[in-house]
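First the structure, in the form of structure tokens, and then the observations on it.
Just so it is clear, none of the values below were taken in a lab; they were calculated from the coordinates. These figures come from a predicted structure and were not determined experimentally. Positions of Cβ are backbone-derived with ideal geometry, glycine not excepted, and every protein chain shown enters the neighbour counts.
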Amino acid sequence: MKPILSVKDIKKTYANKTQALKGVSFDLQEGEFVAIIGSSGSGKSTLLRCINQLVSQTEGSIEFKGTEVEKLKGAGLKKVRREIGMIFQHYNLIDRLTVIQNVLHGRLGYMNDFRGIFDLYSMEDRWKAYKILERVGLADEIYKRADQLSGGQKQRVGISRALAQNPSLMLADEPIASLDPVSSSTVMDYLHGICVEDGISAIVSLHQVDFAVKYATRIIGINKGIIVFDGKTQELSDSIINKIYDNKCNSVSSENTTNEMIQGERVAV
Ligand code: ADP
Ligand code: MG
């Protein structure tokens, strides 16, 4: 079967000469739910951002549904970006807008600029946004301002906005790094559940090994811009984890992971 995504030997050197990716290759099959794990600075965000061309790689190619994304511009790029949903650590919501307005922003890629500027969403779009919010348990919050939500609720809006794009690929960049363990589980349950139910392929970068193991069927471990592990979740061992984290994290249920999550939440609040 042809992969939905094929990343071929990509390298990224930023203007300041930092080599964030040093030749990364992997294929993603349709419907796979993959976790990318690695320390801070290992290149997870750069990799995800290259896939939808928020960052352009220095070398190598990325094929999404058979199209080389780095060659796209204008309408072609807009079309591919709308098929690739993106979820961010800090949610990237518009605080002064309501929950449903934030979700409707996911429909912008389908509208012409004029309709987008004037918020002229169709009834169909509004109904679709409502149904998505209902799916993530936010049907009663649709008219709340985004800044009045808890972190976990904000991320469920982030997921809903990405779903409103009708994506075939979902990229989530540390979606739970700013959340406490309970909200993290809720968010991952929704994200994973919906991707599996709708057959959406997903790449989720995670700091927390235990969450990667719980949800992903395949794990990619990245260390200093190089993939050091790519295999089935069951194959991930403590020695491989040590290789990914340079011996700084030595077991699947590391206490450090939990502490980092709690600290992350304090920063976000
Ligand atoms: P991660 O998401 O795993 O923390 P990143 O992809 O953010 O890793 O970063 C990988 C490396 O690239 C780090 O050394 C980081 O400092 C560097 N980096 C990231 N973004 C930029 C940028 N815009 N300019 C220069 N260096 C960057
Ligand atoms: Mg990152």
Quiz item: Longest exposed-loop-site-free stretch of the chain, with trypsin sites (Lys or Arg not before Pro), DSSP loop and at most 14 other Cβ within 10 Å?
Solution: 97-247
Practice problem: Among the listed pairs K79/K128; K11/K71; K12/K248; K44/K248, give every one whose C-alpha distance is greater than 23 Å. | Solution: K12/K248
Quiz item: Excluding K11 itself, what net charge comes from residues whose Cβ is under 10 Å from its Cβ, given Lys and Arg +1 and Asp and Glu -1?
Solution: 0
Self-check item: Relative exposure of T67, T233, judged by other C-beta atoms within 10 Å (fewest first)
Solution: T67, T233
Quiz item: Relative to the present Cα-Cα distance, how much length would full extension add between K79 and K17 at 0.36 nm per residue of separation?
Solution: 19.2 nm
Self-check item: Helix-only CD estimate at 222 nm, as mean residue ellipticity for the chain, using -39500 (n - 2.57) per DSSP H run (n ≥ 4)
Solution: -11500 deg cm²/dmol
Quiz item: Ranking L171, L97, L108, L120 by Cβ neighbours within 10 Å, fewest first, what do you get?
Solution: L120, L97, L108, L171
Quiz item: aspartates and glutamates near K232 by alpha-carbon distance under 18 Å, same-chain residues fewer than 8 away left out - which ones?
Solution: D27, E30, E32, D210
Practice problem: Report the label-to-label distance for K65 and D198 in nanometres (one decimal), using points 7 Å from each Cα along the Cα→Cβ vector. | Solution: 1.4
Exercise. Add +1 for every Lys or Arg and -1 for every Asp or Glu among the other residues with Cβ under 14 Å from the Cβ of L93, and state the total.
Key: +3
Self-check item: Overall form of segment 129-176 per C-alpha gyration tensor (a/c, 1.5; a/b vs b/c)
Solution: oblate
Quiz item: According to the square roots a ≥ b ≥ c of the eigenvalues of the Cα gyration tensor, what is the shape class of the chain, taking rounded for a/c under 1.5, prolate for a/b larger than b/c otherwise, and oblate for the remainder?
Solution: oblate
Quiz item: Which shape class applies to segment 14-84: rounded if a/c is under 1.5, otherwise prolate when a/b exceeds b/c and oblate if not, where a ≥ b ≥ c are the square roots of the Cα gyration tensor eigenvalues?
Solution: oblate
